[in-house]
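Each remark here refers to the structure printed beneath this line.
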Amino acid sequence: MGPLRRRAVLAGGAGLVASAVAAPLVSAPGESAAYDRPGPMYEAVERQPAETLAVGEAHIRVVFADGAPGLDRARTIRWIRGAAAALTRYFGRFPVANYALLVIATDGNRVGHATTFGFRGSATRITVGRETDEGFARDWVLVHEMLHAALPDLPRRALWLQEGNATWIEPVARVQAGQLPAAEMWRQALLGMARGQPAANDSGMDGTKAWNRLYWGGATFWLLAEIAIHQASNGRAALRDAMRAINRASGGNTADWSPERMMAAGDPATGTASLLPLYRRFADEPYERIYSRCSAALEFSSTSRARSASTSARRWPRCGGRLRVPAPEAHSGRCACRWPGRSHRASRGASSAL
C-alpha cells in the first residue's frame, strides 16, 4: 500500500471461502515478524536457498524462510503447485514470469497471514502452520495473493478494485480448476456481498477504507462486470478475457496503472464497453442495493448437492439471463431480473438482509 505497493490479507479477512479458516496461528517471538518489512523479505527471497518451480514458461522461486523447520516441504510444494494451476487455468498461463514466494513456518494447522509486494519484483510472504494438512485443500489465501501479483498496481483510492478483484476471481479460478464446488462459491458470494453494500451516508467506492466495502463491495463490482460483459457480448466473452488482456499488457503488479487505464485495456478484449462506465459509476456514487430489489432465486443445476432450501431461497442480482461459471460441475446462476439501473442511496441496515 502507498509507495511500497503493499497489499495484505489477514487470515479470515477476505476471499469467498474465508469461513474455512480455523483458529489463529501462533508464531514464536520474531519468527514471522522478521520478514514483515519488505526489505528483509526481499533479501530472504534473493539470498536464501530456493527451490524453483517451472509453471509453463514461468518460474516460481520458493524460499522456506530460515529452513522452515518442522514444515512438510513436499506437502507445501504440492499446495503451491495447486494454486499455480488455478491461476494458469484462469489466465491461460501462469500470469507472472518470475514470482517469488517466502514461506514462513509457524505453529498451527492452516495457512495464515500473507502480503504481496511488487516494487522489487513480484513476491509474496506467507505463513504456514507446521501441522497444516487438510488446511491446504481449504486454503484460498495463496490464490488470492497470486492474483494481486497478476494485475497492475493501482493508486490507493482504487484499492477496492484490487481487493475486490482477488476476492471474486479467487474462487472462480478454483472452481474452474476443480478445487472448489461451484455451490460453495455462490453460497459465500451471497453471504459476503450483502455485507459490502453502502450504508446511508457512504459515497462512491474510490477512496473507501471500510473493510467490507474494500473486499465485498469490490467483489460485487467484478461480479456485475462479469454479467455486463456476458450480456453485451451475447455470451461470447467473459471477464476472464479482459483479465488476460490486462495481465499481458501490464506484466503484473510491478507496473503502476490508473484504474481508467486498467478498464480501457480490458474492454477491447471483450468487444464491449462494459468496464470503464461501470467503474466510473462505482467510483463516484453508491451502487444500487441489488439484493434488496431482487426477488429471484439463485438456482443450481449440478451433479452435486448444490441446491438446498437455504441456498435457493437467497436473493440474487437482476442479471437478465443465465451466467455460467465454467467448471467441472455444470452450474448456472439463473435469474429473470433486469440489469441494475442507476445507483441510489438506501437506508442503513439493509446490507445484512441475507
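The values are calculated or read from the model by the stated rules, or taken from the named source; none is laboratory data. These numbers were taken from a predicted model, which means no experiment stands behind them. No Cβ is skipped: glycine too gets one built from the backbone with ideal geometry, and neighbour counts run over all protein chains shown.
The rows are residues; the columns are (1) touching an Asp or Glu at 6+ places or on another chain (Cβ under 9 Å); (2) more than 20 Å from Val143 (Cβ to Cβ); (3) of a type outside the set (Asp, Glu).
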| site | (1), (2), (3) |
| --- | --- |
| Pro69 | no, yes, yes |
| Thr76 | no, no, yes |
| Thr88 | no, no, yes |
| Ala100 | yes, no, yes |
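Within region 77-119, can you find the residues that are assigned to a loop (DSSP other than H, G, I, E, B) and within 29 Å of Trp257 (Cα to Cα)?
Taking region 77-119 first, the residues assigned to a loop (DSSP other than H, G, I, E, B) are 92-97, 108-110, 118.
Within region 77-119, Gly92, Arg93, Phe94, Pro95, Val96, Ala97, Gly118 qualify.
Please verify whether Gly204 is crowded, with 24+ Cβ neighbours inside 10 Å and of a type in the set (Gly, Ala, Ser), treating the condition exactly as stated. Break it down into steps so the answer makes sense when it comes.
Working: crowded, with 24+ Cβ neighbours inside 10 Å: no; of a type in the set (Gly, Ala, Ser): yes.
Spelling it out, it is not the case that Gly204 is crowded, with 24+ Cβ neighbours inside 10 Å and of a type in the set (Gly, Ala, Ser).
For region 133-147, give me the residue count where each residue is crowded, with 24+ Cβ neighbours inside 10 Å and either of a type in the set (A, V, I, L, M, F, W, C) or assigned by TED's automatic domain parsing to the domain that holds Trp257 (or both).
Counting residues in region 133-147 that are crowded, with 24+ Cβ neighbours inside 10 Å and either of a type in the set (A, V, I, L, M, F, W, C) or assigned by TED's automatic domain parsing to the domain that holds Trp257 (or both) gives 6.
Among Arg156, Arg130, Arg125, Arg110, which is the only one that is basic (Lys, Arg), buried (at least 24 other Cβ atoms within 10 Å of the Cβ) and touching a Gly at 6+ places or on another chain (Cβ under 7 Å)? Lay out the reasoning, then the answer.
Details: Arg156 fails: buried (at least 24 other Cβ atoms within 10 Å of the Cβ); Arg130 fails: buried (at least 24 other Cβ atoms within 10 Å of the Cβ); Arg125 fails: touching a Gly at 6+ places or on another chain (Cβ under 7 Å).
Checking each option against the conditions leaves just Arg110.
Quick one: in region 142-183, which of the residues that are charged (D, E, K, R) and more than 23 Å from Arg78 (Cα to Cα) is nearest to the chain's Cα centre (by Cα)? Steps first, please.
Pass one, region 142-183, residues charged (D, E, K, R): 145, 153, 156-157, 163, 170, 174.
Keeping just the survivors that are more than 23 Å from Arg78 (Cα to Cα) gives 153, 156-157, 163.
On the way: Asp153: 14, Arg156: 17, Arg157: 18, Glu163: 6 Å.
Residue satisfying both the conditions and the ranking: Glu163.
Here is a list: Pro95, Pro49. Which entry is in contact with a Gly (Cβ under 9 Å, 6 or more places away or on another chain), at pLDDT 95 or above, surrounded by fewer than 18 Cβ atoms within 10 Å (Cβ to Cβ) and not assigned by TED's automatic domain parsing to the domain that holds Gly252?
Just one listed residue meets the conditions, Pro49.
Quick one: which helices (runs of 4 or more DSSP H) sit completely within region 225-289 and have at least 1 residues that are closer than 21 Å to His144 by Cβ and modelled with pLDDT under 95?
Helices (runs of 4 or more DSSP H) meeting the threshold: 275-284.
Residue-wise test of (1) β-branched (Val, Ile, Thr); (2) touching a residue at least 60 places away in the same chain (Cβ under 8 Å); (3) within 22 Å of Ala264 (Cβ to Cβ).
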site: Asp139; (1), (2), (3): no, yes, no
site: His144; (1), (2), (3): no, yes, no
site: Asp153; (1), (2), (3): no, yes, yes
site: Val172; (1), (2), (3): yes, yes, no
site: Gln188; (1), (2), (3): no, yes, no
site: Ala194; (1), (2), (3): no, yes, no
site: Met205; (1), (2), (3): no, yes, yes
site: Lys209; (1), (2), (3): no, no, no
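Provide a single number: the residues in region 120-174 that are within 22 Å of Ala85 (Cβ to Cβ) and of a type in the set (D, E, K, R).
The number of residues fulfilling the criteria is 8.
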